[in-house]
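The values are calculated or read from the model by the stated rules, or taken from the named source; none is laboratory data. None of these values were measured; they are calculated from a predicted model. Cβ placement follows ideal geometry from the backbone for every residue including glycine, while neighbour counts extend to all protein chains displayed.
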Ligand code: UTP
């Protein structure tokens, strides 16, 4: 499209301000701005302005006919141990057949942590200061060794962190993974708008663009060719997890088995909510479909509802761990009226420029960013299931610099897990009342990544090392 045509289209859509400084830009700057503007779907922005930005009052989430989602409970909490064993066998078969790939969404901005760099490069382990990416890489390597089939790993980045992420893997020799099996691709971007619906400029020659949310992963998988590559490689199942959670069992045979046995297109793990006010999404059932209702959308009275035995009625908390069928991702990516993921509105402080072209650093929210959430795909999935997991074995994200879900809480949760494994294998470990070991220890996923694999290696050690600070098992 010519520059003239592009500018005419933006003017016709009431977005001519995007080119306000066009005359003062040099040829490169013009090309850059035109390329960014070309990414914008004007009709989509118009629709989002109408439905999300100008919308006044009311409109909250639809809570009609909501009920708690059915959940497959852990054997320890009343689930059927034989069913879990069967799921595991099925999942292991799929892994041995090379049908499963790992999928990490790492395109977020990580503003709460305030770390300068891609979040996956953040040092997270207590002793070796391994990065989040290294922890996942070792878990994925370990799974490949165990099932005799190295796994493909897809990593979704953003425009802002793509080059740095690739560089980090190259510098670290892909942490021992086959580099031909690690695939990076960028997610899409969305323009931010002011409260008047006008697309904001970040500088005279660039738009205020931000990643389109983890829900953008489905179309990014498609656009990047990742789904075609998976097909060519015989991979039909994606194990989806977020970049901020080193405790996650990236490759979980039981979860994969449950997903396959149900013929599910997208499955989820849940943890029991720790307390009614906990800020997590809730797995619910609505019109026969699994949906996630965010804590901000569920009235507190509902969040506090209890069953006859006193347990919370809406107890299934979402932790953003899914298994996704490849062709389901393709269907969602193709979109269309019936299967479009909705956008959500996020009011943010957006760095922009004023009418004179001077930089503005707002003190309070001055506009809206648009994001899609991956869990909004659940109601479109056939036979969607939810299984329970133990929080201590699957979920301890690094979200904030301090306090809850911080590097400190995450380090401690990792050490508690290793202390449990050591104890289960018969070692004597001194811990406090919360299970935190007194000594700072670390276990590589290549030594063991669950109680069973850990015990096997531990029992084979002779003599056993002393459990003291600095002990690293690899
Ligand atoms: P969060 O919701 O925690 O957002 O992302 P964030 O951007 O990382 O952090 P804050 O809110 O700015 O502090 C959860 C997961 O989804 C990924 C993140 O990388 C993380 O793994 N994500 C989020 C994307 O991949 N793309 C996005 O556009 C948003």
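Just a yes or no: is a residue in segment 451-462 within 16 Å of the ligand (Cβ to nearest atom) and in a loop (DSSP other than H, G, I, E, B)? Scanning segment 451-462 turns up no residue that is within 16 Å of the ligand (Cβ to nearest atom) and in a loop (DSSP other than H, G, I, E, B). The numbered conditions (1) in contact (Cβ under 8 Å) with a residue 24 or more places away in the chain; (2) away from the ligand (no atom under 16 Å from the Cβ); (3) farther than 18 Å from residue 273 by Cα are all true for residue 316 except (3). Note on segment 1-30: residues that are part of a loop (DSSP other than H, G, I, E, B) and under 22 Å from residue 355 (Cβ atoms) amount to 7.
Within segment 354-412, being in a loop (DSSP other than H, G, I, E, B), within 16 Å of the ligand (Cβ to nearest atom) and touching a strand residue (DSSP E or B) at 6+ places or on another chain (Cβ under 6 Å) holds for 365, 395.
From the list 208, 274, 192, 262, the lone residue that is modelled with pLDDT under 95 and either closer than 29 Å to residue 66 by Cβ or in contact with a strand residue (DSSP E or B) (Cβ under 6 Å, 6 or more places away or on another chain) (or both) is 274. Of all positions in segment 344-355, at least one carries a residue that is closer than 22 Å to residue 103 by Cβ and at pLDDT below 95.
Kindly indicate which of 320, 329 is in contact with a strand residue (DSSP E or B) (Cβ under 9 Å, 6 or more places away or on another chain), in a helix (DSSP H, G or I) and closer than 30 Å to residue 227 by Cα.
Exactly one of 320, 329 is in contact with a strand residue (DSSP E or B) (Cβ under 9 Å, 6 or more places away or on another chain), in a helix (DSSP H, G or I) and closer than 30 Å to residue 227 by Cα, namely 329.
One residue stands out in segment 189-230 among those that are in a loop (DSSP other than H, G, I, E, B) and within 16 Å of the ligand (Cβ to nearest atom): the one that is surrounded by the fewest Cβ atoms within 10 Å (Cβ to Cβ), namely 224. Of all the listed residues (248, 292), the sole one being within 14 Å of the ligand (Cβ to nearest atom), touching a strand residue (DSSP E or B) at 6+ places or on another chain (Cβ under 7 Å), in a strand (DSSP E or B) and modelled with pLDDT of 95 or more is 292. Restricting attention to segment 16-30, the residues being surrounded by 13 or more Cβ atoms within 10 Å (Cβ to Cβ) and free of Cβ contacts under 8 Å to residues at least 60 places away in the same chain number 3. Among the residues of segment 177-187, those identified as within 16 Å of the ligand (Cβ to nearest atom) and without any contact (Cβ under 8 Å) to a residue 60 or more places away in the chain are 183, 184, 185.
Pull up segment 137-166, narrow it to residues that are under 21 Å from the mean Cα position of the chain (by Cα) and more than 23 Å from residue 222 (Cβ to Cβ), then point me to the one that is surrounded by the most Cβ atoms within 10 Å (Cβ to Cβ).
The selected residue is 137.
Among the residues in segment 116-131, are any part of a loop (DSSP other than H, G, I, E, B) and at pLDDT below 95? Yes, segment 116-131 contains at least one residue that is part of a loop (DSSP other than H, G, I, E, B) and at pLDDT below 95.
Which of the residues that make up segment 31-55 are touching a helix residue (DSSP H, G or I) at 6+ places or on another chain (Cβ under 8 Å) and either surrounded by 16 or more Cβ atoms within 10 Å (Cβ to Cβ) or not in a helix (DSSP H, G or I) (or both)? First the steps, then the outcome.
Going through segment 31-55, the residues touching a helix residue (DSSP H, G or I) at 6+ places or on another chain (Cβ under 8 Å) turn out to be 33-34, 37-38, 42.
33, 34, 37, 42 - these are the residues of segment 31-55 that are touching a helix residue (DSSP H, G or I) at 6+ places or on another chain (Cβ under 8 Å) and either surrounded by 16 or more Cβ atoms within 10 Å (Cβ to Cβ) or not in a helix (DSSP H, G or I) (or both).
List the number of the failed condition for residue 87; all other conditions in (1) surrounded by 20 or more Cβ atoms within 10 Å (Cβ to Cβ); (2) farther than 22 Å from residue 444 by Cβ; (3) within 9 Å of the ligand (Cβ to nearest atom) hold. Against the list (1) surrounded by 20 or more Cβ atoms within 10 Å (Cβ to Cβ); (2) farther than 22 Å from residue 444 by Cβ; (3) within 9 Å of the ligand (Cβ to nearest atom), residue 87 comes up short only on (3). Of the residues making up segment 154-177, those that are closer than 13 Å to residue 224 by Cα and touching a helix residue (DSSP H, G or I) at 6+ places or on another chain (Cβ under 8 Å) are 154, 155, 156, 157.
I need a count of the residues in segment 135-153 that are touching a strand residue (DSSP E or B) at 6+ places or on another chain (Cβ under 9 Å) and either within 9 Å of the ligand (Cβ to nearest atom) or within 21 Å of residue 442 (Cα to Cα) (or both).
5
Only a single item in (1) part of a helix (DSSP H, G or I); (2) farther than 30 Å from residue 404 by Cβ is not met by residue 101, and it is number (1).
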